Amino acid sequence: MLNVRLIKCPACGREISSQAISCPNCGQPIAGAATNQDVKEKSFFEKYVWLLILLFFLGLFMKIIANMR
Ligand SMILES: [Zn+2]
């Protein structure tokens, strides 16, 4: 999965690709570690969102079954 999005250059504020090694406008090196951490945090968050959705539907399903009886 390709994760290309725009981030702001910490030096000049211009929007550049998160995949860029350095800013094409001012040459500021972009910290790859920060981008990797951001991606990791996003997938971690998404994992919990899916878990919450699953639990929500499980609870809804149990409630429907309880009402049927
Ligand atoms: Zn820049």
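Points worth noting:
- Probe 1.4 Å - accessible area at L51, Å² to nearest ten: 90 Å²
- Long-range amide H partners of S22 with built H, under 5 Å: I30
- Exposure check, 1.4 Å probe, all protein chains in place: V49 carries approximately 50 Å² of accessible surface.
- Cβ-derived FRET efficiency at R0 35 Å, F61 paired with S22, nearest 0.05: 0.10
- Annotation: K63 carries an accessible surface of approximately 140 Å², with a 1.4 Å probe and no ligand, DNA or RNA atoms counted.
The values are calculated or read from the model by the stated rules, or taken from the named source; none is laboratory data. Worth saying up front: this structure is predicted, and the values here are computed from it rather than measured. No Cβ is skipped: glycine too gets one built from the backbone with ideal geometry, and neighbour counts run over all protein chains shown. For accessibility, only protein heavy atoms count, side chains too; no ligands or nucleic acids. Shrake-Rupley method; radii C 1.70, N 1.55, O 1.52, S 1.80 Å.
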